[in-house]
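Okay, structure first, notes after.
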Amino acid sequence: MRPQPLRARAGHAGLGALVTVTTLGVVAPTTARSQDPSPTTPAPAAQAAQGPTATKASASFAVRSVRRHVTTGRAVVVKGRLAPAKAGNAVGLQVRTGSGWTTVDKARTRKGGAYRLTWKASRPGARTLRVTFAGTKDARAAKRTVGRVYAYRRAMASWYGPGLYGGALGCGGTLTPGTIGVAHKTLPCGTKLRLRYRGRTVRASVIDRGPYVGGREFDLTAATKQRLGFGSTGMVLSTR
């Protein structure tokens, strides 16, 4: 027969601690053992204290005006606005060269983002320009192609045609009333150039040899003369 446990109060009633007494004399406290605390869950790895990444504003150029036709030594002028429209941003003007882009002017934007950049061509010819903004901590970099500008030199010219139509040209082909081109003594046949006279511009090529009158560099065909509104002799502007 299994011994029966007896319940008794140990000590004074005020102690309030219960014990279990068995007939075998084994005393076992009935006070519940304190539970082991649950294992502490490891905290996630601390992240580097960084603020939120700021989003840079987009930047863009507006080109308001460009002086595209100048004589050598006079300034090509580019005006416009840069957004964000604020003063103090550094902008630049670049010219396309065989090896890339060359910066030819730098400036700071004025109130409202307005800018004015200039470049003086030292020799005649056509050039491609662009405006640039390197960016700041608050705005992204930006650039915009302005397009082609033309620097000219002055040259004395005359014209020819009537009485010579149907004749052979020095560079090949036949002269007609509608032939656009010029005669020049030394420029290679097929050389392309722009001629400008009193605000009118014509693209032409060297198609003939001449003129052989002293002091004149170009002979314009009758069709070229007509498009330019040119007289009999005078000064024209040429990119070559």
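Of note:
- Test: residue in the range 174-188 that is in a strand (DSSP E or B), assigned by TED's automatic domain parsing to the domain that holds Val91 and free of Cβ contacts under 8 Å to residues at least 60 places away in the same chain: no
- The range 57-95: number of residues that are under 16 Å from Tyr150 (Cα atoms), of a type in the set (D, E, K, R) and surrounded by 15 or more Cβ atoms within 10 Å (Cβ to Cβ): 1
- From Ser205, Ser122, residue being assigned by TED's automatic domain parsing to the domain that holds Val77, touching a residue at least 12 places away in the same chain (Cβ under 8 Å) and among the hydroxyl-bearing types (Ser, Thr, Tyr): Ser122
- Test for Tyr212: is it in a loop (DSSP other than H, G, I, E, B) and of a type in the set (Ser, Thr, Tyr): yes
- Taken over the range 217-238, the criterion of being at pLDDT 95 or above, within 14 Å of Ala155 (Cα to Cα) and in a loop (DSSP other than H, G, I, E, B) is satisfied by Glu217, Phe230.
- Some residue of the range 128-135 being closer than 30 Å to Ala223 by Cα, in a strand (DSSP E or B) and assigned by TED's automatic domain parsing to the domain that holds Tyr212: no
- Any hit, the range 153-169, residues being under 30 Å from Val76 (Cβ atoms), basic (Lys, Arg) and not in a strand (DSSP E or B): no
- Test for Ile207: is it among the aliphatic types (A, V, I, L, M), surrounded by 15 or more Cβ atoms within 10 Å (Cβ to Cβ) and assigned to a strand (DSSP E or B): yes
The values are calculated or read from the model by the stated rules, or taken from the named source; none is laboratory data. From a predicted model like this one, the values you see are computed outputs, not experimental measurements. Don't worry about glycine lacking a Cβ; one is built from the backbone with ideal geometry, like all the others, and counts go over all protein chains shown.
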